Amino acid sequence: MNREKRWDWDKHSQFILDMIQNGDESEIEGFGGTSSDEDDPVEDPDYTPLNQESKGEVSQPREVPQPSTSTKKHLTGQENKFSWRKKPFEAPDCTFKGESVTPPDELPTPLQYFRRFITEEMIESLMEQTNLYSVQTTDTLKNVNTTVKELEILIGMYLRMGLCQLPGNRTYWENNTRCAMVADNMSRNRFQTLLASLHFADNTDSSNRQEGDKCWKIRPWLDMFRKQCLEITPEEYNSIDEQMVSFRGTRSPIRQYVKSKPHPWGFKIWARCTSTGILCDFQVYEGGTGKRTTFGMGGDVVLKLCETLPPGQNYKVFADNLFSSAPLVLELLQRQIFYTGTLRSNRLSGCQLEDDKSLAKRGRGSFDARVEKEGSMAIVKWHDNRSVTLISSHTAVEPQDKAHRWSKQEKAFLDVNRPHIVKEYNTFMGGVDLIDGCIARYKYNMRSRRWYIYLFWHSIMLALVNAWLTYRRDCKLLGQRGRPSLDSKTPSPPAPPKRVRVGVPDDVRLDQVAHWPVKCAKRGRCKICKTNATTTVCEKCDVAAAVVKKRAALQHQQTAEDKTQ
């Protein structure tokens, strides 16, 4: 009996030792689901000793290197070895070959920009499911009988609440805190009824509940919204990062906790944006599967979001150390997609660099670089206030430039040497942070017990910011004049002021909603007949309209015709 117990203990102890030596929690989905950029590094199973270094000379730009047989073995898990050299990195020919963004012939209206992402088909589907859900959940089978126009008003009210934020929904209808642009468009009880009835999928349809899909309640809406985002022409530079949708409730199968975030509790969304912040693709994180993958959880996310990028067009992708690894860089290079990102110290794949203390002794701006044996990628470690490691397949150290940094010891600004890979990363990595900043300024926290409603309102804000950023990009392409640049040495003289009257857009003027005649103190010429002067104006369009006189004249004309007959 003692022998059997001793034998079992030896077997299990050997198994535990193998897990310690070869395991990596950060690369296993399900165990590293709450990791972030500040997570402590763990041992990487792909680590191998550094091979002998060799020196090389700088040459002309070369073609994109293709992974060799040994590299392909590494990607398939047959051989986990990388060989690094201390030599200059030969920049490949990464000229962008993709489709360029073309300016429109004429700028659409703001509503047309918004409808590119929230289409009428999406609102109609929301209307059908909302009416169906209201019948299924009430005992008396009372249908809310909402319409597309009413749901559009509901979305407009939510956006207005973001501009004038109050503590709760009911305060917009109270006498002391009443907001006319919200309270005049819908009653409070009707607003609460619609909020409680919003729905996106039929609960009784078993086909909606796909196996393993935790977001099936809002999946139809997310798929339609993602389809509209994919229609945006992608730019050359893209960034991939995570978004957090704040949610502190407990009834959610996909709630996550990410430390060091402004809102640590909530839903995690993987997003791919352009360098200007336009959302092109996204994926809601539903939790880990517990299966070990070749590229890890972060690498699989990057590959999934890059599937919608046309291959062979030399797109550039930037991401932080949660996603970066050497096998991922090579896999994207096979698709002719270049990658740049920060790198964790446990994912160096055998690249031995100078330690932090050595770089700190050399001073700010010091760096150490290594190039993969076949020249497919480079790893650069740069010391500023602290050391940071980056990996890239299209850039490295050269050409260097100067970074303006503040020195506490000397109490003055200093010019610090900066590798080109750091400049590229700082320039094109902030796309997701930009769209997050725009959303945070005007997003209204609409509280609800149903967790998927938070994703719905987040998609509305994403559509709004996408519409605004797309409009800015179109204005830039059309060459419309903006603010003068601060970097211009010889600024042009300011143009003389011009009096410009902005007309009411047709999609507002013809929507047949809330165009009420009201009286004002100042008389104005009627915008319809152009002759009569009147004190009656349209409350929504704020233009003079002699509707009372016209109505009286029509009645008088009709009475005269009746008498004649």
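Go through segment 381-465 and tell me which strands (runs of 3 or more DSSP E), entirely inside it, have 2 or more residues that are touching a Ser or Thr at 6+ places or on another chain (Cβ under 8 Å) and buried (at least 22 other Cβ atoms within 10 Å of the Cβ).
387-392
Any residue at all in segment 305-314 that is in a loop (DSSP other than H, G, I, E, B) and more than 22 Å from residue 280 (Cα to Cα)?
Of all residues in segment 305-314, those in a loop (DSSP other than H, G, I, E, B) come to 307-314.
Then drop every residue that is not more than 22 Å from residue 280 (Cα to Cα), which leaves none.
Looking for residues that are in a loop (DSSP other than H, G, I, E, B) and more than 22 Å from residue 280 (Cα to Cα), one finds none in segment 305-314, hence no.
Residue 211 - would you say it is more than 29 Å from residue 157 (Cα to Cα) and open to solvent by 70 Å² or more (accessible area, probe 1.4 Å)?
yes
Tally the residues that are open to solvent by less than 10 Å² (accessible area, probe 1.4 Å), out of contact with any Pro (no Cβ under 9 Å at 6 or more places or on another chain) and not in a helix (DSSP H, G or I), restricting the search to segment 323-342.
5
Identify the single condition in (1) open to solvent by less than 10 Å² (accessible area, probe 1.4 Å); (2) more than 29 Å from the chain's Cα centre (by Cα); (3) under 19 Å from residue 334 (Cβ atoms) that residue 377 does not satisfy, given that it satisfies every other one.
Failing condition for residue 377: (2).
Here are some residues: 295, 267. Which one is open to solvent by less than 10 Å² (accessible area, probe 1.4 Å) and not β-branched (Val, Ile, Thr)? Show your work before the answer.
Values: 295 fails: open to solvent by less than 10 Å² (accessible area, probe 1.4 Å).
That would be 267, the only listed residue that is open to solvent by less than 10 Å² (accessible area, probe 1.4 Å) and not β-branched (Val, Ile, Thr).
If only one of 186, 181 is under 21 Å from residue 539 (Cβ atoms), over 26 Å from the mean Cα position of the chain (by Cα), among the aliphatic types (A, V, I, L, M) and part of a loop (DSSP other than H, G, I, E, B), which one is it?
Numbers: 181 fails: part of a loop (DSSP other than H, G, I, E, B).
Selected residue: 186, the only one of 186, 181 that is under 21 Å from residue 539 (Cβ atoms), over 26 Å from the mean Cα position of the chain (by Cα), among the aliphatic types (A, V, I, L, M) and part of a loop (DSSP other than H, G, I, E, B).
Do you know which residues across segment 238-252 are surrounded by fewer than 20 Cβ atoms within 10 Å (Cβ to Cβ) and over 16 Å from residue 461 (Cα atoms)?
Hits for segment 238-252 are 248, 249, 250, 251, 252.
Going by the conditions given, is residue 347 open to solvent by less than 40 Å² (accessible area, probe 1.4 Å), of a type in the set (Lys, Arg) and touching a Ser or Thr at 6+ places or on another chain (Cβ under 6 Å)?
On the way: open to solvent by less than 40 Å² (accessible area, probe 1.4 Å): yes; of a type in the set (Lys, Arg): yes; touching a Ser or Thr at 6+ places or on another chain (Cβ under 6 Å): yes.
Spelling it out, residue 347 is indeed open to solvent by less than 40 Å² (accessible area, probe 1.4 Å), of a type in the set (Lys, Arg) and touching a Ser or Thr at 6+ places or on another chain (Cβ under 6 Å).
Condition first: under 26 Å from the mean Cα position of the chain (by Cα) and closer than 13 Å to residue 130 by Cβ. Now tell me which residues in segment 192-216 satisfy that.
195, 198, 199, 200, 201
Considering segment 325-341 alone, what residues qualify as being in contact with a helix residue (DSSP H, G or I) (Cβ under 9 Å, 6 or more places away or on another chain) and farther than 16 Å from residue 428 by Cα?
Of the residues in segment 325-341, the ones in contact with a helix residue (DSSP H, G or I) (Cβ under 9 Å, 6 or more places away or on another chain) are 325-328, 330-332, 334-335, 337-341.
Of everything in segment 325-341, those that are in contact with a helix residue (DSSP H, G or I) (Cβ under 9 Å, 6 or more places away or on another chain) and farther than 16 Å from residue 428 by Cα turn out to be 325, 326, 327, 328, 330, 331, 332, 334, 335.
When you scan segment 350-369, how many residues do you find that are touching a residue at least 60 places away in the same chain (Cβ under 8 Å) and surrounded by fewer than 18 Cβ atoms within 10 Å (Cβ to Cβ)? Break it down into steps so the answer makes sense when it comes.
Applying the first criterion (touching a residue at least 60 places away in the same chain (Cβ under 8 Å)) to segment 350-369 yields 350-352, 369.
Among the residues that remain, those that are also surrounded by fewer than 18 Cβ atoms within 10 Å (Cβ to Cβ) are: 352.
Matching residues across segment 350-369 total 1.
So which residues in segment 162-196 are open to solvent by 50 Å² or more (accessible area, probe 1.4 Å), touching a residue at least 12 places away in the same chain (Cβ under 8 Å) and of a type in the set (A, V, I, L, M), if there are any at all?
If the condition is that a residue be open to solvent by 50 Å² or more (accessible area, probe 1.4 Å), touching a residue at least 12 places away in the same chain (Cβ under 8 Å) and of a type in the set (A, V, I, L, M), then 163, 181 are the ones that fit.
What is the number of the single condition among (1) closer than 23 Å to residue 430 by Cα; (2) touching a residue at least 12 places away in the same chain (Cβ under 8 Å); (3) not β-branched (Val, Ile, Thr) that residue 406 does not meet?
Answer for residue 406: the failing condition is (2).
Given the condition surrounded by fewer than 17 Cβ atoms within 10 Å (Cβ to Cβ) and of a type in the set (Gly, Ala, Ser), answer yes or no: does some residue in segment 272-288 qualify?
Among the residues of segment 272-288, at least one is surrounded by fewer than 17 Cβ atoms within 10 Å (Cβ to Cβ) and of a type in the set (Gly, Ala, Ser), which makes the answer yes.
Listed residues 470, 535, 531, 490; which is modelled with pLDDT of 60 or more, β-branched (Val, Ile, Thr) and open to solvent by 50 Å² or more (accessible area, probe 1.4 Å)? Spell out how you get there, then give the answer.
Details: 470 fails: open to solvent by 50 Å² or more (accessible area, probe 1.4 Å); 535 fails: open to solvent by 50 Å² or more (accessible area, probe 1.4 Å); 490 fails: modelled with pLDDT of 60 or more.
Matching residue, one of 470, 535, 531, 490: 531.
Among the residues of segment 62-84, are any open to solvent by less than 60 Å² (accessible area, probe 1.4 Å), modelled with pLDDT of 85 or more and of a type outside the set (A, V, I, L, M)?
yes
Which residues, counting only those in segment 106-128, are farther than 29 Å from residue 311 by Cα and open to solvent by 70 Å² or more (accessible area, probe 1.4 Å)?
106, 110, 112, 120, 121, 124, 128 - these are the residues of segment 106-128 that are farther than 29 Å from residue 311 by Cα and open to solvent by 70 Å² or more (accessible area, probe 1.4 Å).
Whether any residue in segment 471-481 is outside any strand (DSSP E or B) and on the phi > 0 side of the Ramachandran plot is what I want to check.
Looking only at segment 471-481, we keep the residues that are outside any strand (DSSP E or B), and these are 471-481.
Then keep just the ones that are on the phi > 0 side of the Ramachandran plot; that gives 479.
There is at least one residue in segment 471-481 that is outside any strand (DSSP E or B) and on the phi > 0 side of the Ramachandran plot.
The values are calculated or read from the model by the stated rules, or taken from the named source; none is laboratory data. The structure presented is a predicted model; accordingly, all values stated were derived computationally and were not measured. Glycine gets a Cβ as well: all are built from the backbone with ideal geometry, and neighbour counts include every protein chain shown. These area figures cover heavy atoms from the full protein model, side chains too; ligands, DNA and RNA do not enter into them. Shrake-Rupley method; radii C 1.70, N 1.55, O 1.52, S 1.80 Å.
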